[in-house]
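Trainee: Mind having a look at this structure? Questions to follow.
The values are calculated or read from the model by the stated rules, or taken from the named source; none is laboratory data. All figures in this text were calculated on a predicted structure; none of them were measured in a lab. Here the Cβ is made from the backbone with ideal geometry for all residues, glycine too, and neighbour counts use every protein chain on show. SASA here: full protein model, heavy atoms, side chains in, ligands and nucleic acids out. Shrake-Rupley method; radii C 1.70, N 1.55, O 1.52, S 1.80 Å.
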Amino acid sequence: MTGGERGLLVTYDGIVVGRREIGENSCFIDILTDEQGIVEATAHGAKKINSNLLSSAALFSYSTFCLNKNKMRYTVNSAKPKFGFHEIGTDIEKLALASYFAQAVKFCTSSEQNQLESSRDSLVRFFAVALYETLHAGETRTLAAVKAAFELRYSVMLGFSPNLVACHNCGHYDCERGMYFLPRKAKLVCADCLNPEFEGERVLLLSETLFAMRNIVFSPLEKCFKFSVGERAEQQLSQIAEDYFLYRTERTFTALEYYKKL
Ligand SMILES: [Zn+2]
């Protein structure tokens, strides 16, 4: 502080979802927070090797940030790392997927208002779990499954929850002849109730796919990525989740296009 006006000190737990270099030593970082959405803050000297912000200002670092707020501008005062996901950077596919997640939250999270009023889940916690699952993909589940879970659960958190409880018409949880997902209407209809003339776009779900979708939508955050599907169901789930997310958010993401080209 060089005297004059002192700002207000605020503390947030957050994850760095964007970073832009300024000059030789400093950078702007976009911090995802539950309280203020995306907060842009200047991290002075963060690129110096002896800086105590070196690891906290890195992309995907999860830290407690103490910020100085002055006339709507934030400066990082200090930061205490909670978890670093920097190892994601050693795998180009994982890095590309995590970058898509970061772009998605940056585009869909308002920085002015307290966001996610429709959801009681912590977005920061969700993002941390998504990064953790991305980092560990390949061990118990594939990157494609992690991506699908992110897209579907994040849609729910944004208020676009599909109704996956039961057939919209008869209320049955399952049907011997199968269940259809109607992506544009965000609901299920069983094969007995389906009216081919009126229902429009639809997908006959593999039972594994429906099981996975219900797990993603209804589980507590920590468990929404934890399911296993066979190859065919994974393909179906991937298509449904990506289409659903892009249609609901009305966005295209350059980071997604890049990921898909790899
Ligand atoms: Zn029915």
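Trainee: Within the range 161-174, track down each residue that is open to solvent by 20 Å² or more (accessible area, probe 1.4 Å) and within 12 Å of L205 (Cβ to Cβ).
Mentor: The one that is open to solvent by 20 Å² or more (accessible area, probe 1.4 Å) and within 12 Å of L205 (Cβ to Cβ): D174.
Trainee: Please work out which residue is nearest to S99 (Cα to Cα), limiting yourself to the range 41-78 and to residues that are assigned to a loop (DSSP other than H, G, I, E, B), open to solvent by 40 Å² or more (accessible area, probe 1.4 Å) and among the polar types (S, T, N, Q).
Mentor: Once the filter is applied, the top-ranked residue is S55.
Trainee: Could you say whether any residue in the range 199-207 is closer than 17 Å to K147 by Cβ and of a type in the set (S, T, N, Q)?
Mentor: Within the range 199-207, not a single residue is closer than 17 Å to K147 by Cβ and of a type in the set (S, T, N, Q).
Trainee: Within the range 17-31, can one find any residue that is farther than 28 Å from R251 by Cα, surrounded by fewer than 21 Cβ atoms within 10 Å (Cβ to Cβ) and in contact with a helix residue (DSSP H, G or I) (Cβ under 7 Å, 6 or more places away or on another chain)?
Mentor: Checking the range 17-31: not a single residue is farther than 28 Å from R251 by Cα, surrounded by fewer than 21 Cβ atoms within 10 Å (Cβ to Cβ) and in contact with a helix residue (DSSP H, G or I) (Cβ under 7 Å, 6 or more places away or on another chain).
Trainee: Can you tell which of A43, A79 is within 28 Å of A137 (Cβ to Cβ) and among the aliphatic types (A, V, I, L, M)?
Mentor: A79
Trainee: Quick one: would you say G159 is of a type in the set (G, A, S), part of a loop (DSSP other than H, G, I, E, B) and within 11 Å of the ligand (Cβ to nearest atom)?
Mentor: No: the conditions fail for G159.
Trainee: Does the range 239-257 hold any residues that are open to solvent by less than 80 Å² (accessible area, probe 1.4 Å) and assigned to a loop (DSSP other than H, G, I, E, B), and which are they?
Mentor: Of everything in the range 239-257, just one residue is open to solvent by less than 80 Å² (accessible area, probe 1.4 Å) and assigned to a loop (DSSP other than H, G, I, E, B), namely F253.
Trainee: For the range 162-172, enumerate the residues that are in a loop (DSSP other than H, G, I, E, B) and more than 10 Å from the ligand (Cβ to nearest atom).
Mentor: P162
Trainee: For A58, work out the one condition from (1) small (G, A, S); (2) under 26 Å from E133 (Cα atoms); (3) modelled with pLDDT of 95 or more it doesn't fulfil.
Mentor: With respect to (1) small (G, A, S); (2) under 26 Å from E133 (Cα atoms); (3) modelled with pLDDT of 95 or more, A58 is out only on (3).
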